[in-house]
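Q: Questions regarding the structure given below will be posed in turn.
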Amino acid sequence: MDILLNSSEISTEMLGGSFFDLLLRFGLNLLAAIFVIIFVYFRATGKRSYVFTYILISTTIFFLCFLLGSIDLQLGFALGLFAIFGIIRYRTDTIPIKEMTYLFLVITLSVINALASREVSISAILFTNSCLMATTWVMETVWMKRHLARRSLIFDRMDLIHPSRKNELIENIFERTGIVVVRFKVGQIDFTKKSVRLTIFYKEDATPNVLSDPEMSDKSSDRE
């Protein structure tokens, strides 16, 4: 009889609050991760390789934290995860600072959704997720779009770098590249090769097919 009671209690616990709490939290974490990674990050950058990484890291970290959350070292455990990823740093490739920020964000969401105390209401967790998602969306789609992309180029028309011929230089770059230059800066001048290094600033949404200098330095973009 005692065996039957114990087995029924175990099955109730497995199929009861703990299991449904896992399902609820995982669903919330997955929705938050999909929104941040696919609807914000991927739409803004178009980099597919990091989408795979972020989704799997988010799922892995969530289950790791949730299933080990009964250990009475939750805060140290969470901080230890950040330390581990900080040490590893994906040494096989250099991750740009923006991608590292998104990595930190998906880990943070997973840790919050998995290790938040049972005393914390689902509405509080939902509010936290919503704030992080909204902040990411605003920064990526609104604030970042107001800033100009930057690109360096070697210009062969030294006669146009004079301040009085600024408009002619901008028109010449547009005719040859299709890039609508908002402003530019003159860099190194090579009189022997009759060329000058220009740093041009342009609206990214007007020329989405042109990579900026920070994007050009991303080695992983060559593998996409």
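Q: Taking a 25 Å limit on the Cα-Cα distance, which of the listed pairs LYS166/LYS203; LYS98/LYS166; LYS98/LYS193; LYS166/LYS194 fall beyond it?
A: Checking Cα-Cα distances, LYS98/LYS166; LYS98/LYS193 exceed 25 Å.
Q: OK, next. For segment 105-115, in order, what is each residue's ³J(HN,Hα) by Karplus, 6.51 cos²θ - 1.76 cosθ + 1.60 with θ = phi - 60°, in whole Hz (x at glycine and Pro)?
A: Karplus-based 3J(HN,Hα) across segment 105-115 equals 5, 5, 5, 4, 4, 5, 5, 4, 5, 8, 9 Hz.
Q: Let me ask you something else. Using the count of nearby Cβ atoms within 10 Å as a rough guide to exposure, how do LYS194, LYS166 rank from fewest to most?
A: LYS194, LYS166
Q: For GLU168 and SER49, what does the FRET efficiency come to when R0 = 41 Å and r is the distance between their Cβ atoms, rounded to the nearest 0.05? Don't jump to the answer; show the numbers that get you there.
A: Numbers: r = 41 Å, r/R0 = 1.01.
Once the sixth-power term is evaluated, E becomes 0.50.
Q: Let me ask another. Just rank ASP159, ASP21, fewest to most, by other beta-carbon atoms within 10 angstrom.
A: ASP159, ASP21
Rule-based calculations on the coordinates, nothing more; no lab input. Model, not experiment: these values are computed from the prediction. Counting neighbours? That spans all protein chains shown, and the Cβs are built from the backbone with ideal geometry, glycine included.
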